[in-house]
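The values are calculated or read from the model by the stated rules, or taken from the named source; none is laboratory data. Bear in mind that the values here come from a model prediction, so they are computed numbers and not experimental data. Every residue, glycine as well, gets a Cβ built from its backbone with ideal geometry; the counts of neighbours run over all protein chains shown. For the accessible areas, the whole protein counts, side chains as well, though only heavy atoms, and no ligand, DNA or RNA atoms are used. Shrake-Rupley method; radii C 1.70, N 1.55, O 1.52, S 1.80 Å.
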Amino acid sequence: MSKMRGPWQVHATKEVYRNPWVSLTEHAVTRPDGEPGLYGVVGFANLALAILPVLPDGHIVLVGQHRFPQDRYSWEIPEGGGPLGEDPLEGAARELREETGYRAEHWREILRMDLSNSVTDECAVGFLATGLTPGEAEPDGTEALRIRHIHFRDALAEVKSGRIRDALTVAMLLQAYYMAREGELEDDLAAAMLDQGTRRA
């Protein structure tokens, strides 16, 4: 029996591929213009999680790693995935600890977004993390990570220059910049993030 997805009529659905992280489902459809078609959707088993860790002096913590799909090195904020039924904050705290060793006393959700929503169902939640205490990182076997401290404003400059290209990192930095400029963050934190003074590489 056919069913509607908005203006799309779905006649049949077939799972083409699945592993523990992603699946590919093919839908036989009638398109909004009335023509027949196929629509492939990549499904994700986890919720994408992003953490922007900010130190009192306005520096943030970035994670560097080689990204297999693009075959390119990438500097990003700490990110990972959490099971769909898990509290996103619990997953974010785990990812921050595993990738950087840091634990955060204060957490604030600042972003929800859909990632590549024309072909995937992946959703993301992003948190601002402050009150950081350093510790020992525990990356998993798929991660060969480097840690870098950079001032928030310098990270924004790397977004502008194209050195930082990861979508969640770009979105989180711009969201935090907007919040700092618009008085939505604590005064001391916003002042440190927006500071134009000396930077540490």
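Tally up the residues in the stretch 55-97 that are farther than 22 Å from ILE164 by Cα and part of a loop (DSSP other than H, G, I, E, B), please.
5
Please enumerate the residues belonging to the stretch 105-139 that are farther than 20 Å from ASP166 by Cβ and among the aliphatic types (A, V, I, L, M).
Listed by number, the list holds a single entry, LEU132.
Is there any pair with a first residue in the stretch 173-187 that is assigned to a helix (DSSP H, G or I) and modelled with pLDDT under 95 and a second that is among the polar types (S, T, N, Q) and open to solvent by less than 60 Å² (accessible area, probe 1.4 Å) whose Cβ atoms are under 9 Å apart and which are 6 or more apart or on different chains, and what are they?
Matching pairs, first to second residue: none at all.
Need the failing condition index for VAL125 against (1) part of a strand (DSSP E or B); (2) closer than 16 Å to ILE60 by Cβ, just the number.
(2)
Hey, among GLY40, GLY101, GLY85, which residue is at positive phi, more than 14 Å from the chain's Cα centre (by Cα) and either surrounded by fewer than 16 Cβ atoms within 10 Å (Cβ to Cβ) or touching a residue at least 12 places away in the same chain (Cβ under 8 Å) (or both)?
Step by step, each of GLY40, GLY101, GLY85 is checked, and only GLY101 is at positive phi, more than 14 Å from the chain's Cα centre (by Cα) and either surrounded by fewer than 16 Cβ atoms within 10 Å (Cβ to Cβ) or touching a residue at least 12 places away in the same chain (Cβ under 8 Å) (or both).
Within the stretch 144-172, can you find the residues that are free of Cβ contacts under 8 Å to residues at least 40 places away in the same chain and among the aliphatic types (A, V, I, L, M)?
Scanning the stretch 144-172 gives LEU156, ALA157, VAL159, VAL170.
What are the residues in the stretch 14-37 that are open to solvent by 80 Å² or more (accessible area, probe 1.4 Å) and either polar (S, T, N, Q) or within 19 Å of GLU122 (Cβ to Cβ) (or both), if any?
Across the stretch 14-37, the qualifying residues are GLU15, VAL16, TYR17, ARG18, PRO20, TRP21.
When you check GLY101 against the structure, is it touching a strand residue (DSSP E or B) at 6+ places or on another chain (Cβ under 7 Å), at pLDDT 95 or above and of a type in the set (Gly, Ala, Ser), yes or no?
Judged against the criteria, GLY101 is not a match.
Would you be able to tell me the number of residues in the stretch 160-194 that are open to solvent by less than 30 Å² (accessible area, probe 1.4 Å), within 28 Å of SER116 (Cβ to Cβ) and hydrophobic (A, V, I, L, M, F, W, C)?
Total meeting the criteria: 8.
For the stretch 128-159, give me the residue count where each residue is open to solvent by less than 70 Å² (accessible area, probe 1.4 Å) and part of a loop (DSSP other than H, G, I, E, B).
5
How many residues, within the stretch 104-122, are outside any strand (DSSP E or B), loosely packed, with under 14 Cβ neighbours inside 10 Å and under 16 Å from the mean Cα position of the chain (by Cα)?
At the first step, the residues of the stretch 104-122 found to be outside any strand (DSSP E or B) are 115-119, 121-122.
This time we only want the ones that are loosely packed, with under 14 Cβ neighbours inside 10 Å, so: 116-119.
Still in the list and also under 16 Å from the mean Cα position of the chain (by Cα): 116-117.
Total meeting the criteria: 2.
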